[in-house]
Ligand SMILES: Cc1cc2nc3c(=O)[nH]c(=O)nc-3n(C[C@H](O)[C@H](O)[C@H](O)COP(=O)(O)OP(=O)(O)OC[C@H]3O[C@@H](n4cnc5c(N)ncnc54)[C@H](O)[C@@H]3O)c2cc1C
């Protein structure tokens with residue numbers, strides 16, 4: 001198979017040549033750039049590539065072709081090359097009438113590029129992003145794990161889901177298939193206990209528990225610190241944001257997450273309303289970045305660790321989270337977001353009458369840290385400690 005194709009079409013031959021040359025200079029080693037200036041010739045070329053099983057990575061299509069609309073061309077081209085990312089080429093027009101606004105709203109394009117373009121600021125940066133997105137759907141060149149199991153088996157399904165949510169490249173083999181049997185035999189195992197996971201370095205796990213899998217991919221499953229300023233329960237958007245703010249503001253921060261990071265947002269294939277990502281971003285990618293950011297600031301993130309209760313130190317009483325104004329135990333009024341347990345703040349979807357949006361969870365997470373500073377400054381930091389389950 002030859003290099004994947006970057007396909008460009010515009011009625012203006014000058015634009016086609018300029019784009020072909022600019023893309024070729026930067027991406028020519030890994031991709032073939034093919035340019036056309038008529039819709040009929042363009043579709044014929046794309047059909048030929050499809051017949052020859054030649055992959056197309058990007059379809060860069062001018063919105064105003066004379067023979068058919070750019071969106072119409074993209075629809076036909078995408079049928080031939082469904083994995084290609086659809087890029088609409090438009091004039092600089094930031095009004096609501098720009099064709100890209102409607103195309104993005106109706107899901108008829110994945111991205112846009114504007115004419116004329118600046119090489120480093122626009123074209124190369126944006127094309128690299130589009131290609132990174134396209135590459136996600138391509139066969140991984142390297143698998144960190146082989147998973148051997150049965151497709152209908154619940155344990156096998158859970159292992160595959162956990163690895164997917166951790167963004168770990170793996171290959172699945174059915175235990176009764178040739179390759180699956182070969183891998184099991186190589187480890188002296190049979191099909192009596194499944195699933196089996198084999199890491200690239202040979203480390204093998206049979207019927208692994210979630211905590212074992214997390215540890216095998218490099219995540220922590222127990223806290224490395226005995227004391228901290230802030231404990232965050234849950235690594236969804238609210239918890240991760242709180243971790244970023246708390247850790248970056250010098251608070252010793254521990255995050256306890258019962259599963260893997262991302263929360264509900266981690267399951268969303270595309271979040272289009274989060275500010276800063278005009279073409280949208282997958283919930284997994286957004287929360288993965290937030291998790292890495294919190295870690296970079298020094299937050300201790302503990303996966304596969306469910307917090308069962310919060311305990312009040314001293315008298316040993318165990319209390320549960322849940323705001324109830326009538327049960328507020330102190331003379332001072334509660335701080336915003338503070339629950340019926342002084343010093344415990346509810347952020348994101350967990351909060352009563354929350355908005356159920358990623359951005360509002362993120363806002364709550366940042367706000368809660370500001371309030372935690374206030375609470376700590378008042379000298380109540382030793383009132384509560386979390387009790388991990390198990
Ligand atoms: C499929 C889907 C698509 C969505 N799309 C959008 C969208 O496009 N735009 C948008 O704005 N919103 C969207 N939402 C809503 C958005 O994802 C939520 O509002 C947001 O994730 C809330 O964040 P959160 O951190 O408050 O809670 P969650 O995301 O629910 O995260 C809570 C975390 O806490 C963990 N946890 C819970 N209990 C414990 C415990 N006892 N111990 C340890 N950890 C615990 C959970 O495992 C979870 O990781 C979508 C939701 C779903 C389900």
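Please list, ordered by first then second residue, the pairs with beta carbon atoms under 7 Å, 6 or more apart or interchain, first in region 358-369 and within 10 Å of residue 345 (Cα to Cα), second within 7 Å of the ligand (Cβ to nearest atom) and not in a helix (DSSP H, G or I).
Correct list of pairs: 364/347; 365/347; 368/347.
Please go through region 248-261 and pick out each residue that is near the ligand (Cβ under 6 Å from one of its atoms) and out of contact with any strand residue (DSSP E or B) (no Cβ under 6 Å at 6 or more places or on another chain). Give the derivation first.
Restricting attention to region 248-261, the residues satisfying the condition of being near the ligand (Cβ under 6 Å from one of its atoms) are 256-259.
Correct list: 257, 258, 259.
Among the residues of region 347-371 satisfying the criterion of being outside any helix (DSSP H, G or I) and within 9 Å of the ligand (Cβ to nearest atom), which is surrounded by the most Cβ atoms within 10 Å (Cβ to Cβ)? Reasoning before the result, please.
Our first condition is that a residue be outside any helix (DSSP H, G or I); within region 347-371, this holds for 347, 351-357.
Then keep just the ones that are within 9 Å of the ligand (Cβ to nearest atom); that gives 347, 351, 354-357.
Values: 347: 28, 351: 18, 354: 15, 355: 13, 356: 10, 357: 16.
Looking at the filtered set, the residue picked out is 347.
Which condition number does residue 204 fail, the rest of (1) modelled with pLDDT of 95 or more; (2) closer than 30 Å to residue 187 by Cα; (3) in contact with a helix residue (DSSP H, G or I) (Cβ under 7 Å, 6 or more places away or on another chain) being met?
The one condition residue 204 does not meet is (3).
Conditions tested, residue by residue: (1) surrounded by 13 or more Cβ atoms within 10 Å (Cβ to Cβ); (2) more than 18 Å from residue 279 (Cα to Cα).
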site	(1), (2)
8	yes, yes
44	no, yes
47	yes, yes
62	yes, no
66	no, yes
72	yes, yes
81	yes, yes
84	yes, no
100	yes, no
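Which count do you get for residues in region 170-185 that are closer than 10 Å to residue 146 by Cβ and free of Cβ contacts under 8 Å to residues at least 24 places away in the same chain?
Residues flagged as closer than 10 Å to residue 146 by Cβ and free of Cβ contacts under 8 Å to residues at least 24 places away in the same chain within region 170-185 amount to 1.
If you take the residues of region 210-230 that are closer than 17 Å to residue 291 by Cα and buried (at least 22 other Cβ atoms within 10 Å of the Cβ), which of them is farthest from the ligand (Cβ to nearest atom)?
The selected residue is 230.
Being surrounded by fewer than 16 Cβ atoms within 10 Å (Cβ to Cβ), at pLDDT 95 or above and farther than 23 Å from residue 353 by Cα, is that true of even one residue in region 295-315?
Within region 295-315, one or more residues are surrounded by fewer than 16 Cβ atoms within 10 Å (Cβ to Cβ), at pLDDT 95 or above and farther than 23 Å from residue 353 by Cα.
What number goes with the only condition from (1) in a helix (DSSP H, G or I); (2) touching a strand residue (DSSP E or B) at 6+ places or on another chain (Cβ under 6 Å) that residue 35 does not pass?
(1)
Restricting to region 244-279, give me the number of residues that are surrounded by fewer than 18 Cβ atoms within 10 Å (Cβ to Cβ) and at positive phi.
2
Consider region 113-143. How many of its residues are in contact with a strand residue (DSSP E or B) (Cβ under 6 Å, 6 or more places away or on another chain) and either loosely packed, with under 13 Cβ neighbours inside 10 Å or part of a loop (DSSP other than H, G, I, E, B) (or both)?
Adding up the residues that qualify gives 1.
The values are calculated or read from the model by the stated rules, or taken from the named source; none is laboratory data. All values reported here derive from a predicted model rather than from experimental measurement. With ideal geometry, Cβ positions are generated from the backbone for all residues, glycine too; neighbour counts draw on all protein chains shown.
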